[in-house]
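One structure is given below, encoded as structure tokens.
The values are calculated or read from the model by the stated rules, or taken from the named source; none is laboratory data. Here the structure is a predicted model, which means the values were calculated and not measured. Positions of Cβ are backbone-derived with ideal geometry, glycine not excepted, and every protein chain shown enters the neighbour counts. We work out accessible area using only protein heavy atoms, side chains counted, and drop any ligands, DNA or RNA first. Shrake-Rupley method; radii C 1.70, N 1.55, O 1.52, S 1.80 Å.
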Amino acid sequence: MTRAKILGTGRGLPERVVTNDDLAEFLDTSDTWIRERTGICQRRIAAKETLLELCEEAARQAMDQSGVEAGELDMIIAATLTADHPLPNLSSSLQRVLGADNAVCFDLSAACSGFIFALTTAQMYIQSGHAKKVLVLGGEILSKIMDWTDRSTCILFGDGAGAAVVGVSENEEGILAADLGSNGKKGGVLSLPGRPVENPFRPAEKGPEKCYVHMEGQEVFKFAVSQVPASIRKLLEESGKSIDDVDCFVLHQANLRIIRSAAKRLKAPEEKFFINMERYGNTSAASVPIALDEGIRSGRIKKGDLIVLSGFGGGLTWGSMLVQM
Ligand code: COA
């Protein structure tokens with residue numbers, strides 16, 4: 001069976017660093033509270049960049065590393081819930097700036113699991129022979145959907161983008177397995193209202209003036225600490241692998257306490273978990289590819305390593321993936 005493989009990765013981050021102390025200037029919070037509850041020390045905020053610019057940077061790095069030219073891409077899948085505009089979609093805008101004229105482009109929405117869902121989609125197209133080289137992105141400017149007066153939510157998030165070029169594996173390396181899931185019944189614990197319907201046949205409804213993320217933090221926390229280890233355990237069991245076989249776990253960077261709890265429940269050493277949320281906060285769909293890219297470029301993730309990628313969040317959705325690098 002044809003196997004899909006990650007050929008290159010990249011990341012694009014806004015220049016502006018916003019520390020916890022910066023937030024404490026306009027919010028009733030403190031650096032100590034945020035660090036202790038989340039592990040986050042700072043995040044990047046798009047003070048001037050567009051999401052397209054961040055994604056283009058990530059894509060160009062991933063293409064450089066993989067040696068794949070824009071014209072060779074036959075598909076671009078962008079996972080996001082904060083595209084600069086709904087039309088044209090982010091992936092088609094990327095096609096334009098990259099000159100990837102032969103690519104089929106579509107966006108995908110699965111919140112913080114978006115990159116794993118997009119990577120799985122790329123894998124399916126490659127496995128079935130319908131695509132050979134796919135650019136997968138996860139990118140968000142979450143700062144535009146935050147209520148900056150809600151201290152229990154806005155302190156968690158940051159902006160950024162990550163990318164991977166996926167191609168056909170010539171050997172045993174590549175994406176070995178994936179486990180995806182959704183629980184729409186619990187969707188209300190992490191939500192973002194949309195614009196109310198208003199047309200000549202329907203009078204304007206009274207809707208929110210501005211649309212911001214609503215989060216029931218403790219419910220999301222409970223979901224993450226139970227579902228993420230369960231998904232990873234299932235993935236490993238079905239692949240005939242054990243925790244000991246895994247060299248590095250690259251989890252969605254939502255909260256250090258969630259990662260520590262997952263490590264404990266999986267009985268895996270914390271050192272095996274890649275962590276960078278102290279610098280970027282939770283960047284939703286971008287967090288796994290940014291962490292993967294940093295892991296690879298820093299030498300922490302090496303050729304031949306067996307790694308687990310795992311995302312979880314709104315929907316509720318979750319997804320884990322086993323990759324032989
Ligand atoms: N600074 C200072 N105090 C804060 C605060 C902040 N930024 N945010 C909340 N508080 C206060 C609350 O008002 C509350 O005060 P009270 O006891 O006087 O009412 C107190 O801290 C405890 O609030 P609580 O919501 O119980 O805190 P918590 O321990 O659950 O931590 C989160 C809050 C958001 C950090 C935690 O629930 C969490 O990480 N959840 C998961 C969120 C997540 O990862 N979402 C994305 C998933 S993709």
Q) Does any residue of the range 288-301 turn out to be open to solvent by less than 10 Å² (accessible area, probe 1.4 Å) and among the acidic types (Asp, Glu)? A) yes
Q) How many of the residues making up the range 14-46 are open to solvent by 40 Å² or more (accessible area, probe 1.4 Å) and away from the ligand (no atom under 16 Å from the Cβ)? A) 4
Q. Just checking, which of PRO289, PRO269 is outside the structural domain of THR120 (by TED's automatic domain parsing), closer than 24 Å to GLU140 by Cβ and away from the ligand (no atom under 14 Å from the Cβ)?
A. PRO289
Q) Can you spot a residue in the range 82-91 that is more than 16 Å from the ligand (Cβ to nearest atom), small (Gly, Ala, Ser) and crowded, with 21+ Cβ neighbours inside 10 Å? A) yes
Q.
Checking the conditions here, which among ALA46, ALA79, ALA111 is among the hydrophobic types (A, V, I, L, M, F, W, C) and more than 27 Å from SER182 (Cβ to Cβ)?
A. ALA46
Q: Identify all residues within the range 298-325 that are within 12 Å of the ligand (Cβ to nearest atom) and hydroxyl-bearing (Ser, Thr, Tyr); write none if there are none.
A: SER310, THR317
Q. Out of all the residues in the range 148-166, is one or more among the acidic types (Asp, Glu) and out of contact with any Gly (no Cβ under 9 Å at 6 or more places or on another chain)?
A. yes
(Q) Every residue in the range 111-158 that is under 22 Å from PHE26 (Cβ atoms), open to solvent by 10 Å² or more (accessible area, probe 1.4 Å) and β-branched (Val, Ile, Thr), please. (A) ILE141, ILE145, THR149
Q: Could you grab the pairs with beta carbons closer than 7 Å, sequence gap of 6+ or different chains, first residue in the range 252-280 and free of Cβ contacts under 8 Å to residues at least 24 places away in the same chain, second one within 16 Å of the ligand (Cβ to nearest atom) and charged (D, E, K, R)?
A: GLU270/ARG260
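Quick grid of which residues meet (1) loosely packed, with under 13 Cβ neighbours inside 10 Å; (2) of a type in the set (A, V, I, L, M); (3) free of Cβ contacts under 8 Å to residues at least 12 places away in the same chain; (4) more than 16 Å from the ligand (Cβ to nearest atom):
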residue: VAL168; (1), (2), (3), (4): no, yes, no, yes
residue: LYS185; (1), (2), (3), (4): yes, no, yes, yes
residue: LEU190; (1), (2), (3), (4): no, yes, no, no
residue: ARG195; (1), (2), (3), (4): yes, no, no, yes
residue: ARG202; (1), (2), (3), (4): yes, no, yes, yes
residue: HIS214; (1), (2), (3), (4): no, no, no, no
residue: GLN218; (1), (2), (3), (4): yes, no, yes, no
residue: VAL225; (1), (2), (3), (4): no, yes, no, no
Q.
Being of a type in the set (Val, Ile, Thr) and within 16 Å of the ligand (Cβ to nearest atom): is that true of ILE116 here?
A. yes
Q) away from the ligand (no atom under 16 Å from the Cβ), within 21 Å of THR120 (Cβ to Cβ), open to solvent by less than 20 Å² (accessible area, probe 1.4 Å) and not polar (S, T, N, Q): does that describe LEU235? A) yes
(Q) Whether any residue in the range 58-75 is open to solvent by less than 20 Å² (accessible area, probe 1.4 Å), within 24 Å of SER320 (Cα to Cα) and of a type in the set (Val, Ile, Thr) is what I want to check. (A) no
**Q.** Single residue of LYS206, LYS241 found to be touching a residue at least 24 places away in the same chain (Cβ under 8 Å) and away from the ligand (no atom under 16 Å from the Cβ)
**A.** LYS241
Q: State the number of residues belonging to the range 110-163 that are part of a helix (DSSP H, G or I), under 12 Å from the mean Cα position of the chain (by Cα) and β-branched (Val, Ile, Thr).
A: 1
Q | Residue count for the range 170-183, restricted to those that are within 15 Å of the ligand (Cβ to nearest atom) and in a strand (DSSP E or B) | A | 2
